[in-house]
4 protein chains.
Amino acid sequence: MLRTVVISQTLLEVGQQPNGEPAQVPVITVEGAPGGPNVYLQANLHGAEIQGNAVLAAFLELCRAQRPKGTFTLVPMANPIGINQKSGEFTLGRFDPISGENWNRQYHFSNADLDAFCQAHLNSDETTIAAAFRERLRAQIAQRQASPWGLKTGQTMALRLQQLALEADIVLDLHTGPISDRHLYVPEYARARAHHFNIPLNILMPSDFGGALDEAHFSPWWQLSQRFAELGRTLEVLVDAFTLELGPQEHLDPAQAGRDALGIGRYLEVMGCWPEGTHQVEEEIQHACQLADYKALYSPCGGQIEYLAPLGQPVKAGVPVARIWHYERLGQDKPMFTEVSLPCDAIPVLHFASANVQEGTELYKFLTHTFAL
Amino acid sequence: MLRTVVISQTLLEVGQQPNGEPAQVPVITVEGAPGGPNVYLQANLHGAEIQGNAVLAAFLELCRAQRPKGTFTLVPMANPIGINQKSGEFTLGRFDPISGENWNRQYHFSNADLDAFCQAHLNSDETTIAAAFRERLRAQIAQRQASPWGLKTGQTMALRLQQLALEADIVLDLHTGPISDRHLYVPEYARARAHHFNIPLNILMPSDFGGALDEAHFSPWWQLSQRFAELGRTLEVLVDAFTLELGPQEHLDPAQAGRDALGIGRYLEVMGCWPEGTHQVEEEIQHACQLADYKALYSPCGGQIEYLAPLGQPVKAGVPVARIWHYERLGQDKPMFTEVSLPCDAIPVLHFASANVQEGTELYKFLTHTFAL
Amino acid sequence: MLRTVVISQTLLEVGQQPNGEPAQVPVITVEGAPGGPNVYLQANLHGAEIQGNAVLAAFLELCRAQRPKGTFTLVPMANPIGINQKSGEFTLGRFDPISGENWNRQYHFSNADLDAFCQAHLNSDETTIAAAFRERLRAQIAQRQASPWGLKTGQTMALRLQQLALEADIVLDLHTGPISDRHLYVPEYARARAHHFNIPLNILMPSDFGGALDEAHFSPWWQLSQRFAELGRTLEVLVDAFTLELGPQEHLDPAQAGRDALGIGRYLEVMGCWPEGTHQVEEEIQHACQLADYKALYSPCGGQIEYLAPLGQPVKAGVPVARIWHYERLGQDKPMFTEVSLPCDAIPVLHFASANVQEGTELYKFLTHTFAL
Amino acid sequence: MLRTVVISQTLLEVGQQPNGEPAQVPVITVEGAPGGPNVYLQANLHGAEIQGNAVLAAFLELCRAQRPKGTFTLVPMANPIGINQKSGEFTLGRFDPISGENWNRQYHFSNADLDAFCQAHLNSDETTIAAAFRERLRAQIAQRQASPWGLKTGQTMALRLQQLALEADIVLDLHTGPISDRHLYVPEYARARAHHFNIPLNILMPSDFGGALDEAHFSPWWQLSQRFAELGRTLEVLVDAFTLELGPQEHLDPAQAGRDALGIGRYLEVMGCWPEGTHQVEEEIQHACQLADYKALYSPCGGQIEYLAPLGQPVKAGVPVARIWHYERLGQDKPMFTEVSLPCDAIPVLHFASANVQEGTELYKFLTHTFAL
């Protein structure tokens, strides 16, 4: 029996540049032992969010160290257009520079005819349902790709990635924030498993579709589960999908990447890829809140920002979290700064990457009404 | 009795720049004779779309030439942040350069509690309903502005403009396309009046909300009308709102602006602002299609574009509309270009402003399944 | 004897993208009959200036139609980073988006030790001098490439292109203006040959180095000629180099490209590549001025521009060339526009690509104190 | 006698935006006691470099705490166009977004007719020379501003600032680096005074003009001194000018700003503004090198960067300063990273602000061949 893991790489074309160069994405396949899930891990769909690549590299080492069960597809450097798009010194990789559309809001989802599907499979077994439902997802994407009117740049890329991802039982999409602590988006139904990732800040999401990769993968299966339930049939949500935000953008921290790979490994132990206890992590305190309680704070005025509230540390209502300086008032008798505080207790998750802001710039995001995960 | 029209200007603050400068918008009020509607005209919310300002200038001359009935609010240069935002030689004014969000998708709309409102006013007269409904819209916006978490830059601007616009019976939002023929977005219920604008290409829209200024103004009143109809009460849609796309961006054509001001004048004659026949225009042939038949064509590959289909002129299915050159193939044996044609007959409305495109770039937009307006 | 021309393509790496993709440039070699010059033609170093590629394609057809004497190196799509760099709808390919440095100002030039070279070759024959001088240029570039501190992105690209170009006797660099008539930069010493290109507007340059490709090639040879002259030895300038600006950016016009290829063909007839009279062009009127008389007009204020002076047509001193509208004054009593005129007669060569400008934006460029070429 | 310092603010127009808004800069005047120098302090000419404003605010407090001798002009927020220009989350304020030209390379300098000036004033006293030379500088700038062809946006701004600065005996221009330790550009002739600023890293410059504000002010006076010396007359350089780079861009650190204001205060003690010993600073170790030894390191390939060398700490030749990761190689057998080291010992001054780079991106800048200041 084969004891060592087999790792291979191919290239996926996800678009074409004006100069004819293909936009290519490396796709790494890890063939583990039989009996485990199909796992899809993607990183760097937003061009500046490079840390996830380091996490994938560390995760691949875990696979080499001890052969997992299952098949793993690793997609680092997922957005060649976004990664290569500079604007000033920084990477303008969050949205299409032509249209402004967020690269992570262009995946496909449709629940048309879900009712008919459920009626037809009311008495099918789980394996048959899963296979038929995947075939349906494949067909929907193929149909969109066949449009005689073509597809947008972002859709072209998203759908080619989604064709890989939809084969998986588990989808992990690795992102980062701007200046950011590590945080995790958790679909409500998967809450019990989320703490294994060992990520300190967690946002519990309803299971609807908003265009992102995680939603594009869990929403159809969650809706399938819901519709069956309405028809009196019990079917678990057969796919897990999470978005992991693993620190700040434009930054590479291989040591932290190693720790986060261990967290992913521990979550995958529970999903059957390794024996539980294979990967040891130093447990972190984990806070959570509902998505509706995950609040952005927008600047009440323009100015230069002194960020006062350290990320990850609870801050009380009414305590200043930012001081907005007005240096144009130098030599005048007006107050030199405006302080901003919150209407409730909160934990800062991330803050804006620049200290120079307009009225209405998103200064911070906070967990509010938190609880233990 | 006052025979001459009274024109005045004030400045509206719609934001604050990082250096403390207010972002200010000129607001011109034209006090016409009593008995006419309240009309709101806005231009240049997208920074590169400057032609609407020239139309407003020409329209103001019409008001000076013959005093209209009604009150007019003219808002040129509506987006100081977008107008002043350069990126290379061009104006990057279509979306917020920080977030990528389209400036014209941030208006407020909510139909919460509409049912309760209709129940409460089932037997009120039209004037009472209109006043109460406007008060409700004002209160909704004021509530959002009072959020302790602040508002995004684009929302801050949009809501301050919307506070002016919601007082109007007629809202006209002047935009342009990229390289574009003149075209008009017509809410279905206002179809009979649309031809007076004398705009050659017309898109008939369902009356739902999508975030744009026109929708933000007609949708609530259309939904009010629909809900009353369900309750057995007839109430016309009390507000008209149109988006006019008056040629190409980054371009100023005062002569055409004069003609389009006349078209607006003619539409406003029908709405009671002037005697019909006051403004003479040379009638243009007017094509229309449904919004679902207004189709974008995306490039099937990267390359350099030769745009073949003249704007405004019908093109047959299967006839090439664009030739995509592949100059990187020079000296190879491959075909030097790819031709793109359509699956159905169509009329080109606009095309992309650059000849250098990626796979998935929007090359053209077309009316299909057209009919006379 | 071989009658047909041999055409082949290779790829030149000129950089590497963040995602590891090489930045590659196609290099087409045309092996003509022996006895002619070595000719280097490059296009699209500025990303938005795509028309030169079409000229190279048309020129290659001329080579196929009748085998020329000499060796030709055609480099279309010369700047993969600039071509693929979008910013909004347009191609931000004029300067490095990180540093702002113009891609066409990074070529190598040094006249260190020129005196020693001339002394050493005072009595060498022309062929020996040319070979030794080329070897010296090769060595200078190789030395810069070998720096242990590395090279800037733009220098890396420029030097790899320059290594090809320095082997040539004739260097033609194809550019475009923004909104532009066709114009030609002519080194003073090559003035007599310039009219063969049949380009209507011409700028005569002193033969110093400013960083551009044409200068990087003619300056060393011109300085060599000058230094020898000071030492009493006559040596002609052995290299010709021109920058051709063939119309507007972001635009493709294959028909005009065909005509401009004929002009290049006619110039190359004079240089020995074809019999004179091989290529027929309809002669255009050709104006010229000195570089010091090639004047930019900067906007005296911010506003929206109505460009009044048609390109290529003489305009008199004092006649308005642009009307700058101030739509923020609508409803005020101030003048609605500022008109700009010139202090002397002139011919407009190009104007800015946007109608929305700041104080100080370059509105137009003009030939002044013109004469027939 | 007046004991308290008089502080006032006016606004200087340095341009006009497309929407008609003036681009305005606050100019603060501090009237100290008579007998001291005229001092000009400017901050934030590059839009992202906001820390200098905080230093000016802290410096103003020093003036309030103890009235200085002399007149002080403080210009915070010096570039309203650059400060308000966003591109993605960051401030694209280093160069004009239209032309790519660095805002700090557009000041005026001309040494035409310097010889005639020196001949004419060979026997004048120092006060007469200084007054006449300033008048000459004023006249040169006025002449450029009077051009019938207008001025570029950056020149318009630079010349209006320069008109204020040229009246000063001391010019301090406050900048920052990208991710940067504090460093100082020192004109060679002013070396003896530089250590008072207490800035750890120092670059000694020759006294030529390169377009920056400091050079625009010391170069003319230095050349005047040199030319007089050639004519046998001794005249000291009558103006001091320094560029201070006070940490990283996009960042505000009021505590460090306070310490740097003290350093400026201590330098100004030596120049006669306060009694020596007024301002106490904790002395830092100060390294220096010649400008020719201030070396940029460019990336030898594209990739994701792990910056290894801490800023301000000496690093040995051959020791890796950066690890460039190639995540596109994941699952291949190639090395996952490239390490870069230096050919000589060095002290890292600053590094690039992004971890995602092209071949040729400036990774670091280093002092080499250092000595104590």
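When you scan region A:247-266, how many residues do you find that are among the polar types (S, T, N, Q) and not in a helix (DSSP H, G or I)?
Number of matching residues: 1.
Can you pull out every residue in region D:143-155 that is surrounded by 24 or more Cβ atoms within 10 Å (Cβ to Cβ) and either of a type in the set (Val, Ile, Thr) or in contact with a His (Cβ under 9 Å, 6 or more places away or on another chain) (or both)?
D:153
Listed here are the residues, each with its yes/no results for (1) over 24 Å from residue D:264 (Cβ atoms); (2) within 7 Å of another protein chain (Cβ to nearest Cβ); (3) surrounded by 15 or more Cβ atoms within 10 Å (Cβ to Cβ).
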{"site": "D:100", "(1), (2), (3)": "yes, yes, yes"}
{"site": "D:117", "(1), (2), (3)": "yes, no, yes"}
{"site": "D:141", "(1), (2), (3)": "yes, no, yes"}
{"site": "D:162", "(1), (2), (3)": "no, no, yes"}
{"site": "D:168", "(1), (2), (3)": "no, no, yes"}
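Among the residues of region A:271-290, is any surrounded by 20 or more Cβ atoms within 10 Å (Cβ to Cβ), within 8 Å of another protein chain (Cβ to nearest Cβ) and under 29 Å from residue B:156 (Cα atoms)?
Among the residues of region A:271-290, not one is surrounded by 20 or more Cβ atoms within 10 Å (Cβ to Cβ), within 8 Å of another protein chain (Cβ to nearest Cβ) and under 29 Å from residue B:156 (Cα atoms), which makes the answer no.
So, in region B:176-197, how many residues would count as being closer than 17 Å to residue B:347 by Cβ and touching a Ser or Thr at 6+ places or on another chain (Cβ under 6 Å)?
1
For region C:36-45, which residues satisfy the criterion of being touching a Ser or Thr at 6+ places or on another chain (Cβ under 8 Å) and closer than 17 Å to residue C:183 by Cα?
C:41
When you look at residue A:251, is it closer than 30 Å to residue A:313 by Cα, modelled with pLDDT of 95 or more and over 18 Å from the mean Cα position of the chain (by Cα), yes or no?
The answer is no for residue A:251.
Among (1) touching a residue at least 40 places away in the same chain (Cβ under 8 Å); (2) in a strand (DSSP E or B); (3) away from chain D (no Cβ under 13 Å), there is one condition residue C:364 misses while meeting the rest; what is its number?
Residue C:364 satisfies all of (1) touching a residue at least 40 places away in the same chain (Cβ under 8 Å); (2) in a strand (DSSP E or B); (3) away from chain D (no Cβ under 13 Å) except (3).
Of the residues that sit in region B:18-35 and are part of a loop (DSSP other than H, G, I, E, B) and more than 26 Å from the chain's Cα centre (by Cα), which one is nearest to residue D:53 (Cα to Cα)?
Initial filter on region B:18-35 (part of a loop (DSSP other than H, G, I, E, B)): B:18-21, B:32.
Of the ones still in play, those that are also more than 26 Å from the chain's Cα centre (by Cα) are B:18-21.
Working: B:18: 13, B:19: 11, B:20: 13, B:21: 16 Å.
Here the residue is B:19.
Which residue out of A:178, A:200 is within 14 Å of chain B (Cβ to nearest Cβ) and over 20 Å from residue A:107 (Cα atoms)?
A:178
Kindly indicate the residue of region B:85-96 that is more than 19 Å from the chain's Cα centre (by Cα) and more than 12 Å from chain A (Cβ to nearest Cβ) and also modelled with the highest pLDDT among those meeting that condition.
Only one residue fits best here, namely B:89.
Considering region A:339-352 alone, what residues qualify as being assigned to a loop (DSSP other than H, G, I, E, B) and at the interface with chain B (Cβ under 10 Å from one of its Cβ atoms)?
Within region A:339-352, A:341, A:342, A:343, A:344, A:352 qualify.
Return the residue satisfying two criteria in turn: it lies in region A:1-17 and is among the hydrophobic types (A, V, I, L, M, F, W, C) and more than 14 Å from chain D (Cβ to nearest Cβ), and of such residues it is nearest to the chain's Cα centre (by Cα). Before the answer, list the steps.
Restricting attention to region A:1-17, the residues satisfying the condition of being among the hydrophobic types (A, V, I, L, M, F, W, C) are A:1-2, A:5-7, A:11-12, A:14.
After this cut, where a residue has to be more than 14 Å from chain D (Cβ to nearest Cβ) as well, the list is A:1-2.
Values: A:1: 36, A:2: 33 Å.
Ranking the qualifying residues of region A:1-17, first place goes to A:2.
Could you tell me which numbered condition residue A:215 fails, if it satisfies all but one of (1) under 30 Å from residue A:132 (Cβ atoms); (2) touching a helix residue (DSSP H, G or I) at 6+ places or on another chain (Cβ under 8 Å); (3) buried (at least 24 other Cβ atoms within 10 Å of the Cβ)?
With respect to (1) under 30 Å from residue A:132 (Cβ atoms); (2) touching a helix residue (DSSP H, G or I) at 6+ places or on another chain (Cβ under 8 Å); (3) buried (at least 24 other Cβ atoms within 10 Å of the Cβ), residue A:215 is out only on (2).
In the list B:288, B:216, B:212, which residue meets the criterion of being touching a strand residue (DSSP E or B) at 6+ places or on another chain (Cβ under 9 Å), at pLDDT 95 or above and of a type in the set (A, V, I, L, M)? Spell out the reasoning first.
Details: B:216 fails: at pLDDT 95 or above; B:212 fails: at pLDDT 95 or above.
None of the others qualify; the one that does is B:288.
Mind counting the residues in region B:73-83 that are within 8 Å of chain C (Cβ to nearest Cβ) and not β-branched (Val, Ile, Thr)?
So the answer is 3.
Of (1) free of Cβ contacts under 8 Å to residues at least 40 places away in the same chain; (2) farther than 30 Å from residue D:296 by Cβ, residue C:169 satisfies all except one. Which?
(1)
Looking only at region C:302-338, count how many residues are within 13 Å of another protein chain (Cβ to nearest Cβ), on the phi < 0 side of the Ramachandran plot and surrounded by fewer than 18 Cβ atoms within 10 Å (Cβ to Cβ).
Selection size over region C:302-338: 8.
Please go through region C:111-129 and give me each residue that is among the charged types (D, E, K, R) and in a helix (DSSP H, G or I), ordered by number.
C:115, C:126
Which one of C:52, C:47 is of a type in the set (Gly, Ala, Ser), under 18 Å from residue C:246 (Cα atoms), in a loop (DSSP other than H, G, I, E, B) and modelled with pLDDT of 95 or more?
C:47
Take residue D:159 and tell me if it is among the hydrophobic types (A, V, I, L, M, F, W, C) and within 25 Å of residue D:77 (Cα to Cα).
It is true that residue D:159 is among the hydrophobic types (A, V, I, L, M, F, W, C) and within 25 Å of residue D:77 (Cα to Cα).
Tell me, which residue of region A:1-17 that is free of Cβ contacts under 8 Å to residues at least 24 places away in the same chain, in a strand (DSSP E or B) and out of contact with any Asp or Glu (no Cβ under 7 Å at 6 or more places or on another chain) is farthest from residue C:250 (Cα to Cα)?
Only one residue tops the list, namely A:8.
Residue-wise test of (1) within 22 Å of residue D:354 (Cα to Cα); (2) in contact (Cβ under 8 Å) with a residue 40 or more places away in the chain; (3) crowded, with 20+ Cβ neighbours inside 10 Å; (4) of a type in the set (Phe, Trp, Tyr).
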residue: A:26; (1), (2), (3), (4): no, yes, yes, no
residue: A:43; (1), (2), (3), (4): yes, yes, yes, no
residue: A:50; (1), (2), (3), (4): yes, yes, yes, no
residue: A:54; (1), (2), (3), (4): yes, yes, yes, no
residue: A:70; (1), (2), (3), (4): no, yes, yes, no
residue: A:78; (1), (2), (3), (4): yes, yes, yes, no
residue: A:88; (1), (2), (3), (4): yes, no, yes, no
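Quick grid of which residues meet (1) closer than 23 Å to residue B:115 by Cα; (2) among the aliphatic types (A, V, I, L, M); (3) in contact (Cβ under 8 Å) with a residue 40 or more places away in the chain:
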{"position": "B:229", "(1), (2), (3)": "yes, yes, no"}
{"position": "B:237", "(1), (2), (3)": "yes, yes, yes"}
{"position": "B:242", "(1), (2), (3)": "no, no, yes"}
{"position": "B:247", "(1), (2), (3)": "no, no, yes"}
{"position": "B:250", "(1), (2), (3)": "no, no, yes"}
{"position": "B:256", "(1), (2), (3)": "no, no, yes"}
{"position": "B:263", "(1), (2), (3)": "no, no, yes"}
{"position": "B:266", "(1), (2), (3)": "no, no, yes"}
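Rundown of residues vs (1) at pLDDT 95 or above; (2) in a helix (DSSP H, G or I); (3) over 30 Å from residue A:90 (Cα atoms), yes/no style:
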{"site": "C:109", "(1), (2), (3)": "no, no, yes"}
{"site": "C:132", "(1), (2), (3)": "yes, yes, yes"}
{"site": "C:135", "(1), (2), (3)": "yes, yes, yes"}
{"site": "C:140", "(1), (2), (3)": "yes, yes, yes"}
{"site": "C:150", "(1), (2), (3)": "yes, no, no"}
{"site": "C:158", "(1), (2), (3)": "yes, yes, no"}
{"site": "C:184", "(1), (2), (3)": "yes, no, yes"}
{"site": "C:190", "(1), (2), (3)": "yes, yes, yes"}
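So residue A:263 ticks every box in (1) crowded, with 16+ Cβ neighbours inside 10 Å; (2) modelled with pLDDT under 95 but one. Which box is left unticked?
Among (1) crowded, with 16+ Cβ neighbours inside 10 Å; (2) modelled with pLDDT under 95, the lone unmet condition for residue A:263 is (2).
So for region B:58-77 (the condition being in a loop (DSSP other than H, G, I, E, B) and in contact with an Asp or Glu (Cβ under 8 Å, 6 or more places away or on another chain)), does at least one residue qualify?
Looking for residues that are in a loop (DSSP other than H, G, I, E, B) and in contact with an Asp or Glu (Cβ under 8 Å, 6 or more places away or on another chain), one finds at least one in region B:58-77, hence yes.
The values are calculated or read from the model by the stated rules, or taken from the named source; none is laboratory data. These numbers come from a predicted model, not from an experiment. Here Cβ is always computed from backbone atoms with ideal geometry, including for glycine, and neighbour counts include all displayed protein chains.
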